[in-house]
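What follows is one structure encoded as structure tokens, with my remarks underneath.
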Amino acid sequence: MQEDKHALSTVEGETMSEQPDLSERSVRDGVTVKASPGLLRRRDVRLTAFAALVITLSAGISALVAQAVQPDYVVFDMKGTIDTFRQQTAQSALDKEKLEALTKRFGSSLDASLSDWQAAHGGVILVKGAVVAGVTDITPVIQADIARQMQAAP
């Protein structure tokens with residue numbers, strides 16, 4: 001037993017009288033510090049939260065851009081407008097030449113009114129028969145513009 005105590009107290013030829021260097025510097029040189037698992041978990045949570053925030057912001061911005069770029073859809077009653085014009089011209093006593101000139105002027109006014117509205121609003125104009133419901137009707141606006149153009153032209 002005495003030999004065991006003596007063997008434990010000596011390391012590689014050192015005797016008990018020789019003490020190893022236990023200064024702060026020598027202890028620090030041989031120690032490797034590892035991050036605690038809790039620190040890594042907190043860092044992972046922060047990175048995950050940051051990634052989720054970036055994805056959420058990107059999705060929100062994408063939705064806003066898609067909504068802003070999407071055109072408005074409107075409906076125009078082309079058949080009803082042309083039928084109204086035909087009824088009005090049938091009731092008037094116009095010769096063939098004046099009727100042709102009036103019809104050309106109506107067609108030009110109709111095209112100009114639709115083009116002007118589309119240029120001003122950037123929307124898509126659909127004919128009334130192609131839409132079931134849920135779209136704004138711009139027929140009165142276009143008819144009023146056609147009437148204004150027809151009165152202004154000689």
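The values are calculated or read from the model by the stated rules, or taken from the named source; none is laboratory data. Since this is a predicted model, take the numbers as computed values, not measurements. Cβ: placed from backbone, ideal geometry, glycine included. Neighbour counts: every protein chain shown. Ligands, DNA and RNA are stripped out before the accessible areas are found, and what is left, the full protein with its side chains, is counted by its heavy atoms. Shrake-Rupley method; radii C 1.70, N 1.55, O 1.52, S 1.80 Å.
Given a 1.4 Å probe and the protein chains as shown, Asp111 ends up with an accessible area of around 100 Å².
Taking θ as phi - 60° and the Karplus parameters 6.51, -1.76 and 1.60, the scalar couplings of segment 63-76 work out to 5, 5, 5, 4, 5, 5, 7, 5, x, 7, 9, 10, 10, 10 Hz in sequence order, x denoting glycine and proline. Per-residue 3J(HN,Hα) values for segment 128-139, derived from phi via the Karplus relation 6.51 cos²θ - 1.76 cosθ + 1.60 with θ = phi - 60°, read 4, x, 8, 10, 7, 6, x, 10, 5, 9, 9, 4 Hz in sequence order (x marks Gly and Pro). Expressed as a whole percent, the accessible surface of segment 47-154 that belongs to carbon and sulfur atoms is 62, based on a 1.4 Å probe. Amide H contacts of Val124 (H built 1.01 Å from N, in plane; Pro and chain starts excluded): Asp72, Tyr73, Val74 sit under 5 Å, all sequence-distant by 5 or more or on other chains. Heavy-atom accessible area for Asp44, with the other protein chains in place and a 1.4 Å probe, reaches approximately 90 Å². Counting only heavy atoms of the protein chains and using a 1.4 Å probe, Ile61 has close to 110 Å² of accessible surface. Across segment 99-105, coupling constants 3J(HN,Hα) worked out from phi with the 6.51/-1.76/1.60 Karplus curve, θ = phi - 60°, read 5, 5, 5, 5, 5, 5, 5 Hz, and Gly and Pro carry x. With 0.36 nm allotted per residue and the present C-alpha distance subtracted, the Ala68-Arg42 stretch has 5.5 nm of extension available.
In this structure the amide hydrogen of Asp137, modeled in the peptide plane, comes within under 5 Å of the amide hydrogens of Val75, none closer than 5 places in sequence on its chain. Quick check: net charge around Leu94, other residues with Cβ under 15 Å of its Cβ, Lys/Arg +1 and Asp/Glu -1? Surrounding charge for Leu94 is +2.
Across the protein chains, with a 1.4 Å probe defining accessible surface, the residues Phe76, Phe85 rank Phe85, Phe76 from largest area downward.
Full extension of the segment from Thr89 to Thr136, taken as 0.36 nm per residue of separation minus the current Cα-Cα distance, would add 14.1 nm.
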